[in-house]
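Asker: Dropping the structure in here first, questions after.
The values are calculated or read from the model by the stated rules, or taken from the named source; none is laboratory data. These numbers were taken from a predicted model, which means no experiment stands behind them. Cβ placement follows ideal geometry from the backbone for every residue including glycine, while neighbour counts extend to all protein chains displayed.
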Amino acid sequence: LVISGVMLMSDETILKKLPEEIRQHIEHLERIRSDFVANVSHELRTPLTVFRGYLETLIANKAKAPEGWDNIFQQMLQHSSRMEHLISDLLLLSRIEVEEVHDAPSEQVDVPYLLSELQQTAKEYSDDDQHELTFNVDSSLMLGGAEDELKSLFSNLIINAIKYTPAGGAITVTWSLVNSRPIFQVEDAGIGISAKHIPRLTERFYRIDKARSRDSGGTGLGLAIVKHVLLRHSATLEIESVPDKGSTFRCLF
Ligand SMILES: Nc1ncnc2c1ncn2[C@@H]1O[C@H](COP(=O)(O)OP(=O)(O)OP(=O)(O)O)[C@@H](O)[C@H]1O
Ligand SMILES: [Mg+2]
């Protein structure tokens, strides 16, 4: 039995169908919400940096610390990294989600170079699990867009594939031209996703298995970022997945 789902993005289309006044009101509320999130995230950043600075000093002097504190320091460090990750995801998301769609700054982005950097990150991330990582990259294929946004998009999909694929599983990343469209695709042989979850995956904070995602340090913002980056690059996302077999996330530019 093959369960697969394809998700296309339609928020924008729905919004366009509403009467002008209601649409403006919704957009206004969206902006207030997004500004609030951005302000809170920004304000949290400074205290967290101070906290982390002192923590690193304590770790450097841990010889003087009471016995048993090593583990406590490591946990504090781990959680502060998680908070930093969460804050930077929230800041990125609030920056890109309210700006006009199809409006990403357009510089010539050296995608093959970005992917070679991410291949290294992926190797480190998969460290203990020894996934079979394959990168098929068209080394001459560039893309007009925003480099920081594209990097976040690629890294979210690659890290997800590693996170949700058991040790030893195969992961293939492809960047190529298909029917004159640049395609970025990540295929994994991981735990898969049942069809009913697929339409909701790109919602903020949506995670399928909350306990499991918490273990892996996830917050559920990754695919929301992916969705908005794609919208801003006039690109679409297709997701195909079979539970216990694996998933394919395909971005069509
Ligand atoms: N390749 C995949 N295979 C199986 N499930 C996946 C895959 N990618 C995403 N998911 C599911 O979709 C959920 C949402 O993914 P998303 O990347 O948004 O959040 P996350 O990985 O939990 O956290 P983070 O914000 O750190 O990325 C995940 O929690 C997971 O349940
Ligand atoms: Mg993720």
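Asker: Whether any residue in segment 56-79 is under 23 Å from Ala224 (Cβ atoms), modelled with pLDDT of 85 or more and part of a helix (DSSP H, G or I) is what I want to check. Give the steps one after another, and end with the answer.
Answerer: So in segment 56-79, the residues under 23 Å from Ala224 (Cβ atoms) come out as 79.
In the following step, the residues that additionally are modelled with pLDDT of 85 or more were identified as 79.
Among the residues that remain, those that are also part of a helix (DSSP H, G or I) are: 79.
Yes.
Asker: For segment 229-237, indicate whether the set of residues that are on the phi > 0 side of the Ramachandran plot and either in contact with a strand residue (DSSP E or B) (Cβ under 7 Å, 6 or more places away or on another chain) or more than 9 Å from ligand 1 (Cβ to nearest atom) (or both) is non-empty. If you could, list the steps in order and put the result at the bottom.
Answerer: Taking segment 229-237 and keeping what is on the phi > 0 side of the Ramachandran plot, we get 234.
Still in the running and either in contact with a strand residue (DSSP E or B) (Cβ under 7 Å, 6 or more places away or on another chain) or more than 9 Å from ligand 1 (Cβ to nearest atom) (or both): 234.
The answer is yes; a qualifying residue exists.
The rows are residues; the columns are (1) within 27 Å of Lys151 (Cα to Cα); (2) over 19 Å from the mean Cα position of the chain (by Cα); (3) hydrophobic (A, V, I, L, M, F, W, C).
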{"site": "Val50", "(1), (2), (3)": "no, yes, yes"}
{"site": "Tyr54", "(1), (2), (3)": "no, yes, no"}
{"site": "Ile59", "(1), (2), (3)": "no, yes, yes"}
{"site": "Lys64", "(1), (2), (3)": "no, yes, no"}
{"site": "Ile72", "(1), (2), (3)": "no, yes, yes"}
{"site": "His79", "(1), (2), (3)": "yes, no, no"}
{"site": "Leu86", "(1), (2), (3)": "yes, no, yes"}
{"site": "Glu97", "(1), (2), (3)": "yes, no, no"}
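Asker: Before we move on, is Gly218 in contact with a Pro (Cβ under 6 Å, 6 or more places away or on another chain), assigned to a loop (DSSP other than H, G, I, E, B) and within 13 Å of ligand 1 (Cβ to nearest atom)?
Answerer: no
Asker: Can you tell me which residues in segment 83-98 are modelled with pLDDT of 90 or more and either more than 16 Å from ligand 1 (Cβ to nearest atom) or farther than 26 Å from Glu27 by Cβ (or both)?
Answerer: Met83, Glu84, His85 - these are the residues of segment 83-98 that are modelled with pLDDT of 90 or more and either more than 16 Å from ligand 1 (Cβ to nearest atom) or farther than 26 Å from Glu27 by Cβ (or both).
Asker: Let me ask you something else. Out of Asp138, Asp148, report the one residue that is within 19 Å of Gly222 (Cα to Cα), more than 16 Å from ligand 1 (Cβ to nearest atom) and not β-branched (Val, Ile, Thr). Break it down into steps so the answer makes sense when it comes.
Answerer: On the way: Asp138 fails: within 19 Å of Gly222 (Cα to Cα).
Every option except Asp148 fails the conditions.
Asker: List the pairs whose first member sits in segment 68-96 and is among the β-branched types (Val, Ile, Thr), whose second member is outside any helix (DSSP H, G or I) and exposed (fewer than 15 other Cβ atoms within 10 Å of the Cβ), and whose Cβ atoms are under 9 Å apart, counting only residues at least 6 apart or on separate chains?
Answerer: Taking only residues 6 or more apart or on different chains, the pairs are Ile72/Ala65.
Asker: Quick check on Thr165: is it surrounded by 21 or more Cβ atoms within 10 Å (Cβ to Cβ), within 16 Å of ligand 2 (Cβ to nearest atom) and over 15 Å from Lys227 (Cα atoms)?
Answerer: On the way: surrounded by 21 or more Cβ atoms within 10 Å (Cβ to Cβ): yes; within 16 Å of ligand 2 (Cβ to nearest atom): yes; over 15 Å from Lys227 (Cα atoms): yes.
It is true that Thr165 is surrounded by 21 or more Cβ atoms within 10 Å (Cβ to Cβ), within 16 Å of ligand 2 (Cβ to nearest atom) and over 15 Å from Lys227 (Cα atoms).
Asker: Another question, then. For Pro182, all conditions in the list (1) touching a residue at least 40 places away in the same chain (Cβ under 8 Å); (2) within 12 Å of ligand 1 (Cβ to nearest atom); (3) not in a loop (DSSP other than H, G, I, E, B) hold save one; what is the number of the exception?
Answerer: Single failed check for Pro182: (2).
Asker: Now for a separate question. Take the residues of segment 99-129 that are at pLDDT 80 or above and outside any helix (DSSP H, G or I): which is surrounded by the most Cβ atoms within 10 Å (Cβ to Cβ)?
Answerer: To start, the set of residues in segment 99-129 that are at pLDDT 80 or above comprises 106-127.
In the following step, the residues that additionally are outside any helix (DSSP H, G or I) were identified as 106-110, 127.
Working: Ser106: 11, Glu107: 12, Gln108: 10, Val109: 19, Asp110: 14, Asp127: 10.
My answer is Val109.
Asker: Hey, another quick one. Count, please, the residues in segment 60-95 that happen to be within 19 Å of Thr49 (Cβ to Cβ) and of a type in the set (A, V, I, L, M, F, W, C).
Answerer: Qualifying residue count, segment 60-95: 10.
Asker: Of the conditions (1) more than 14 Å from ligand 2 (Cβ to nearest atom); (2) basic (Lys, Arg); (3) surrounded by fewer than 17 Cβ atoms within 10 Å (Cβ to Cβ), Arg232 fails just one. Which one is it?
Answerer: All conditions pass for Arg232, except number (3).
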